[in-house]
Amino acid sequence: MSSRFQAPRGTQDILPEMQPYWAAVLRAAEDVTRLFGFRRIDTPVFENAALFEKGSGDTTDIVEKEMYQFEDRGGDRLALTPEGTPGIARAYLEHGMASWPQPVRLWTTHPMFRYDRPQKGRYRQHTQIDCEVIGSADPLVDAEVIELLWRIYQAVGIKSVGVRLGSIDDLEPRKAYVQRLKEYYRPHLDRLSEDSRRRFDRNPLRLLDSKDERDLPYKDAAPKLVDQLSPEAQAHMEVVRTALDAAGIPVVIDPLLVRGLDYYNRTVFEIVPTDDERAQGTVGGGGRYDGLLEILGGPHTPAVGFGSGIERIILEMQKHEVAVAEPPAPDVFLIHRAENAARAVTQLAGSLRSRAIAVVVAESGRSMKSQFRSADASKARFAVIVGDDELARGVAMVKDLRGGGEQREVPLEGVAEAIAGVR
RNA sequence: GCGGGCGUAGCGUAGUGGUUAACGCGUCUGGUUGUGGCCCAGAAGAUCGAGGGUUCGAACCCCUCCGCUCGCCCCA
C-alpha cells in the first residue's frame, strides 16, 4: 500500500466524477471567448527557460524559485510553463502575427507548473484559461478582457465575485515613484521584515504587498502609486473604469494591488470572491503588458490579458453548489447468455452504436442476476437480452429498465428502431 | 523556506497496551432451473504509513523518517 505509486506532490487526478465541472468551465470559456471574437491557440507545455527569465522577470518568485527547469538530452535548458503569457507572446512574434489584422485576440487553456507548497486551491500543476489581446493600447480593450473573464464566471454560475483594479503606470513614471517609495521606507528599513528588506532592493513595489505584521504600520502612510499616476495612465484607468461601470461590473480600486510579474504596466486586476476571504481566493488576474514583446526581441507591441485557474473556479462552483450536467447514461446494457455469443453480441452492439445508440456489453459468463445488477448500476434505459433461445429465433428481448420493467421480443434487426422509438 | 493537523480494507469510520483488528458504504457471489432496483446471506479485501525503541505483550506509549492536508510566503 504505502509502497505503491502516488501522484507527485501537488498534482491530482481528475476523476470521472469531477469531469462535468471541467467540461462546464471549458464550455463556458469556449462560448464566452467566441462572443468576444477570440480564437484558440495552443502552445507547448515546455519552452526555453530563458523565455520566462526574460519575459516574466528573473526577480519574480515564479522564476526565482518556482520554475520546473530541466536540461534535455540535447543540452537545451527548458522549463515547464509556469505562466501562459510569454509563450503566447513568443508565438505572436514567431508566426508574424503583427501582419494579421490588429489586434490579435487569442485564448487557450493550458497546464501550468510551479514548484511551491501545495494547499487548498494551490497545486504544482494547475490549469489556466488564458486570454490575450496583442496589438492594442486601447483602454476599452482592457475593460473588454475583464468583462470577458467576468462573463465566464457568470456563465459557470459564480455570481459573487468582484473586480479589484489598479494601475502601476508606465515604466518611466514608475521609476520616479519607486524612488519616492524607497525614500519613504529607507528610514524604517531595520524594522521591516526580512522579505521586505530584500524587496527594497530587488522589487520595491512589492513592499506594499506585504502582509507581514512588522510592515503593516508603514503601509498606510506610504506614497501610493495610484494617487500620483502620470496623466496618461490616469486617463487610461478612468476609461477602463468607466467601461466596466457601463458593463455593470462592480469594481473596487485597489491602490495596493501589485502583481507578481515584472512585465505589467498600467492596468492590473484581480477577480476575487466577495463572499469569502479565503487565502487562495483569487480566481483570476491579469493586466496590461505593453513592454513584453519588446523584451522578447519584437517591436513595441501593446497588449493586455489574463489568466484564471480552472481548479479555483471549480472550488468556487462547489462552494456555491452549482449544478453541472452529468454525461448521459448508456442507452443499452447488453445482457447475453449463449454458447457462442461473441459474434452475435459484437454485431448487435456494433449495429446499435452505428446508429448512435450507446451500448455497454455485460461481462461474459456472469449470471443473469449479476448482469441485471450491472445493468441497473450502469443506469442504462434498456436491457437487451440475447440467449440461445433468442439467437436461434433471430430475436432479442428488449426490457425497459425504468419503471415496471416491461419486456418485449424484437427481431434483431429491429432493436435499434425499438429503442430509438422510445428514446 | 516556515508553522499547525492527520495517517486503521477502494471510501468513510470504530478500536487508546492483552488472544484470529470491528462497522457502514462499495466490489464479487448466492437466495434453485434465463431477469435489475429493496431485502437477506456469504466471500474477497488491512504487513493498522515506514523503521527503530519501551514492554512478557503495541494499531494504541516514545523517537526518527515518509506521506497527506491546512495555513504563512507567493500566486491562478
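The values are calculated or read from the model by the stated rules, or taken from the named source; none is laboratory data. Since this is a predicted model, take the numbers as computed values, not measurements. FYI the Cβ positions are ideal-geometry reconstructions off the backbone, even for glycines, and counts take in every protein chain you see. Accessible surface areas use protein heavy atoms only, side chains included; no ligands, DNA or RNA. Shrake-Rupley method; radii C 1.70, N 1.55, O 1.52, S 1.80 Å.
For the reader, a short list of remarks on this structure follows.
- Condition met for A:Pro82 (at pLDDT 90 or above and outside any helix (DSSP H, G or I)): yes
- On the stretch given as region A:337-363, residues that are touching a helix residue (DSSP H, G or I) at 6+ places or on another chain (Cβ under 7 Å) and either among the small types (Gly, Ala, Ser) or within 8 Å of RNA strand B (Cβ to nearest atom) (or both) total 5.
- Note on region A:310-423: enclosed helices (runs of 4 or more DSSP H) holding 2 or more residues that are open to solvent by less than 20 Å² (accessible area, probe 1.4 Å) are A:310-319, A:341-354, A:368-378, A:415-422.
- The set of residues in region A:243-284 that are surrounded by fewer than 16 Cβ atoms within 10 Å (Cβ to Cβ) and without any contact (Cβ under 8 Å) to a residue 40 or more places away in the chain comprises A:Asp245, A:Ala246, A:Gly248, A:Glu277.
- Contacts under 9 angstrom Cβ, first residue in region A:364-376 being within 6 Å of RNA strand B (Cβ to nearest atom), partner in a helix (DSSP H, G or I) and of a type in the set (Ser, Thr, Tyr), 6 or more apart: A:Arg366/A:Ser374
- Restricting region A:285-329 to residues that are in contact (Cβ under 8 Å) with a residue 24 or more places away in the chain and touching a His at 6+ places or on another chain (Cβ under 6 Å), the residue that is farthest from A:Pro16 (Cα to Cα): A:Gly309
- Filtered residue count, region A:212-225, keeping only those that are touching a residue at least 40 places away in the same chain (Cβ under 8 Å) and either out of contact with any strand residue (DSSP E or B) (no Cβ under 8 Å at 6 or more places or on another chain) or open to solvent by 20 Å² or more (accessible area, probe 1.4 Å) (or both): 2
- Among the residues of region A:1-55, those identified as aromatic (Phe, Trp, Tyr) and more than 21 Å from A:Val283 (Cα to Cα) are A:Phe5, A:Phe46, A:Phe52.
- For region A:283-309, the set of residues classified as near RNA strand B (Cβ under 9 Å from one of its atoms) and assigned to a loop (DSSP other than H, G, I, E, B) consists of A:Val283 only.
- Residues located in region A:95-112, provided they are open to solvent by 20 Å² or more (accessible area, probe 1.4 Å) and under 13 Å from A:Gly309 (Cβ atoms): A:Thr109, A:Pro111
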